[in-house]
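Here is the structure we will look at.
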Ligand code: SF4
């Protein structure tokens, strides 16, 4: 069976992907998301991924939480909206660490659950994976995980396992923008 490393950003975005891959490959889940703010939220999201992996007996790598490194990479892009250039850097930073790990640990293939998110474009994420495949020599499985009924399946599985669902992408800037949006809504309704 081929060794597959799946980068996961959170449990709701990866549960259907894990289910799909777990019997086809020798699967390991990799949690590397230094973008998540604050730390409590990071720990909460990680706990949920641990819960999913435990329920199916899937191996999991708990990588570093190095937010300083993340802030350094996105410096100057604080005002970018979700989906803008800050996000491409955020994807590439995380996926690079995954690709490096696959090379060091003799994986055959890898992917990321990032494309599962409704606002995450696979035509931005997949080229990053394919670029890293060329650099590190480990095959990237370029799939748009939000398709083929996986969103519905993911919702069902997340409900069944009582998985926590966050309401913002992850970084401090996405949290700020979400709060501003909520505030606007309140103002319009009063
Ligand atoms: S909005 Fe999401 S993808 Fe974009 S930089 Fe923030 S955490 Fe990363």
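If you bin the C-alpha pair distances of region 81-155 every 10 Å from 0, what whole percents do you get?
Spelled out bin by bin, region 81-155 gives 20, 49, 28, 3 percent.
Using a 7 Å offset from the Cα along the Cα-to-Cβ direction at both residue 144 and residue 40, what is the distance between the two label points in nm, to one decimal?
Distance between label points: 3.8 nm.
In degrees from 0 to 90, rounded to the nearest 10, what is the angle of the helix 122-136 Cα long axis to the longest principal axis of the chain?
Between helix and principal axis, roughly 40 degrees.
How compact is the chain by the rule of thumb for globular proteins, expressed as Cα Rg over 2.2 N^0.38 Å?
My calculation over the Cα atoms of the chain gives 1.02.
Residue 180 versus residue 71, label points 7 Å from Cα toward the beta carbon: distance in nm?
Output for this residue pair reads 1.9 nm.
Pop out the Kirkwood hydrodynamic radius of region 1-108 from its pairwise C-alpha distances, inverse of mean 1/r, in Å to one decimal. Numbers along the way, then the final one.
Details: mean 1/r = 0.0682 Å⁻¹.
When all Cα pairs of region 1-108 are included, the Kirkwood radius is 14.7 Å.
With everything on Cα atoms, drop me the angle between helix 172-189 and the longest principal axis of the chain, reported from 0 to 90° to the nearest 10.
With rounding to tens, the tilt is 40 degrees.
I'd like to compare 181-189, 116-124: which one has the highest average count of other Cβ atoms within 10 Å, and what's the full order after that?
Details: 181-189: 9.2, 116-124: 15.4.
Peptide ranking by packing, descending: 116-124, 181-189.
Distance from the Cα centre of region 89-135 to that of region 1-38, in angstrom?
What the calculation gives is 12 Å, centre to centre.
Just so you know, all these numbers are worked out from the coordinates, no wet-lab data involved. Everything numeric in this text was worked out from a predicted model, so none of it was measured. With ideal geometry, Cβ positions are generated from the backbone for all residues, glycine too; neighbour counts draw on all protein chains shown.
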